[in-house]
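The values are calculated or read from the model by the stated rules, or taken from the named source; none is laboratory data. Every value quoted in this text rests on a predicted model; they were computed, and no experiment measured them. Counting neighbours? That spans all protein chains shown, and the Cβs are built from the backbone with ideal geometry, glycine included. Areas reflect the complete protein model, heavy atoms only, side chains present, ligands, DNA and RNA absent. Shrake-Rupley method; radii C 1.70, N 1.55, O 1.52, S 1.80 Å.
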Amino acid sequence: MGMNSHAVASGLILGIETSCDETAAAVVKDGALALSSVIYSQQVHSKFGGVVPELAGREHERRILTVIRQAIDDAGLKMAKPQIDAVAVTTGPGLAGALMVGVAAAKALSLAWGIPIVGVNHLEGHLFAVHLEQDSIAYPSIMLLVSGGHTMIVLVEEPGKYRVVGQSLDDAAGEAFDKVARFLGLGYPGGPEIEREAEFGDPKAVRFPRALRDGSFNFSFSGLKTAVVTYAKRNADVGVSDIAASFEDAVVDILVEKTLNAAKAFGAHSVALAGGVGANTRLRTVLTSRARTLGVAVYIPSRQNCTDNGAMIAAAGAWRLENFGPSDLGLGAYPSLALP
Ligand code: KG4
Ligand code: ZN
């Protein structure tokens, strides 16, 4: 097994993330130690119950410089001569107009400071969040990547060697949280809202369906969403908190079951959690306890490192830089980039 301390570029890397509705920047030392991490979560979308792409781009534009300045400042550096060795930026997947703001800012800093730029895949960034809090990772590792746009089980042989062994065939897990929350009249983003509501509910109140129990590592969440909507309409007497708790239980149950089945099937030495839905307390607790029963190591990054942030982009960028060198200054935004 590889208890591997992987090669990363040493020095200070500024990571910039603007793929969706978080404007984020961080300074990371030697690919693993976050000296600062600033995250501005855009508020403009809440009244629409989902991210409005045009507004996201405009908000990034408005906030990006302030967020970067703060990250430089929090790291104890100076914007004028900040001693940053390289700038890493998310190039995709994500919203085109949102990605372009981060990419343009990174290019400007690369030119102004005369430092290399490195483009980072957002999904690889999420996987690298684990490195920010874990010195050595037991490979092969099964990583559950659950965000607003993606739900996948990734077999990581070592950093950079990824095999997607399962994914959602329809909605992403985060998307299901957001849609169910909107239906239940809760706010956006839906994940934290459902979680708050579920605290007062009984997760066993309603037995919602667990889809695709077919031995595969794929997921389907659109049927669950429909089942929740249908149930709630027919049972107006059942409280929102019971429905929220039961829905959350169904999502967590299937996510954990398939992740651990994959860990068994591929002989993984560890399992790890990544992506915004990874901030969910129930998911964190259930995955931890069931993984322990299985006897594999389990890595759960802090909530802040699960949701979109600049530190994970800097960490992945440090590794990319060391192993593949800098990107061309002509790099662009690639909205539908796949995991490398
Ligand atoms: O990774 P992320 O910040 O952005 C994307 O790359 O999509 O994930 C955002 C998603 C949203 O769908 C949000 O509802 C969900 O993560 N989320 C949660 C929680 N916090 C955020 N879902 C469940 N429970 C949470 N506590
Ligand atoms: Zn994300």
Name the residue, out of A112, A262, A314, whose mean-square fluctuation peaks in a Gaussian network model built on the chain with Cα pairs under 10 Å.
-> A112
Rounded to the nearest 5, the percent of antiparallel DSSP beta bridges in the range 1-158 equals 70
Leaving ligands, DNA and RNA out of it, work out the accessible area of D30 with a 1.4 Å probe and give it in Å² to the nearest 10.
-> 60
Taking one equal scatterer on every alpha-carbon of the range 139-300, how large is log10 of I(q)/I(0) by Debye at q = 0.09, 0.11, 0.12, 0.19 1/Å?
-> -0.28, -0.41, -0.48, -1.13
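Please list F324, F247, F48, F266 from largest to smallest accessible area, probe radius 1.4 Å, with all protein chains kept in place.
Numbers: F324 130, F247 0, F48 100, F266 60 Å².
Ranked from most to least accessible, the order is F324, F48, F266, F247.
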Just need the relative contact order of the range 3-159 here, percent rounded to a whole number, with Cα pairs under 8 Å and 6+ apart.
-> 24
Any idea of the accessible area per residue across the chain, 1.4 Å probe, to the nearest Å²?
-> 40
Violations at 29 Å Cα threshold for listed pairs K179/K264; K47/K233; K107/K258; K47/K204; K204/K264 -> K179/K264; K107/K258; K47/K204
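Looking at the range 139-300 only, what percent of DSSP beta bridges run antiparallel? Nearest 5 please. Mind dumping the intermediate values first?
Working: 12 of 21 bridges.
Roughly 55 percent of the DSSP beta bridges within the range 139-300 come out antiparallel.
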Kirkwood-based shape ratio for the range 269-340, expressed as Rg/Rh from alpha carbons = 1.08
With a cut-off of 20 Å, note down the residues of the range 225-249 whose backbone N falls inside the zone around a label point 7 Å from the Cα of F200 toward its beta carbon.
-> 232-233, 235-249
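Can you say what percent of the DSSP beta bridges in the chain, counting only those with both residues inside, are antiparallel? Round to 5. Intermediate values should be presented prior to the final figure.
On the way: 29 of 47 bridges.
In the chain, approximately 60 percent of DSSP beta bridges are antiparallel ones.
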Collect residues whose amide H, placed 1.01 Å from N in the peptide plane, falls under 5 Å from the amide H of V118; neighbours closer than 5 in sequence don't count.
-> V87, A88, V89, S327
Largest-first ordering by accessible area, 1.4 Å probe, given options W113, W319 = W113, W319
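Would you please calculate the Kirkwood hydrodynamic radius of the range 211-340 over all C-alpha pairs and express it in Å, rounded to one decimal?
Details: mean 1/r = 0.0565 Å⁻¹.
Final number for the Kirkwood radius of the range 211-340 is 17.7 Å.
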Expressed in whole Å with the largest first, what are the equivalent ellipsoid semi-axes of the chain derived from the C-alpha gyration tensor as the square root of 5 times each eigenvalue?
-> 34, 24, 16
Any chance you could check the Cα centroid distance between the range 72-138 and the range 218-264 for me, in angstrom?
-> 36
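Okay, helix-only estimate at 222 nm for the chain: each DSSP H run of n ≥ 4 adds -39500 (n - 2.57), divide by all residues, round to 500 deg cm²/dmol; what do you get? Each step should come with its number before you reach the end.
Working: 10 runs with 139 residues, N = 340.
Helices in the chain give a 222 nm mean residue ellipticity of -13000 deg cm²/dmol.
Give me the compactness ratio for the range 1-102, meaning the Cα radius of gyration over 2.2 N^0.38 Å.
Details: Rg = 15.2 Å, N = 102, 2.2 N^0.38 = 12.8 Å.
After normalising by residue count via 2.2 N^0.38 Å, the value is 1.19.
Starting from the residue with the highest accessible area, list S327, S10 in decreasing order, probe 1.4 Å.
Numbers: S327 40, S10 95 Å².
Heavy-atom accessible area, descending, gives S10, S327.
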Mind running the shape call on the range 79-188? Use the C-alpha gyration tensor, a ≥ b ≥ c as the square roots of the eigenvalues: rounded below 1.5 for a/c, prolate if a/b tops b/c, oblate otherwise.
-> oblate
For the range 240-279, the Debye formula with one identical point scatterer on each Cα and no solvent gives log10 I(q)/I(0) at q = 0.14 Å⁻¹ as -0.41
Pairs of alpha carbons in the range 73-134 whose separation is greater than 20 Å (percent) = 38
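Based only on the alpha carbon positions, what is the Kirkwood hydrodynamic radius of the range 149-211, in angstrom?
On the way: mean 1/r = 0.0725 Å⁻¹.
Here the Kirkwood hydrodynamic radius works out to 13.8 Å.
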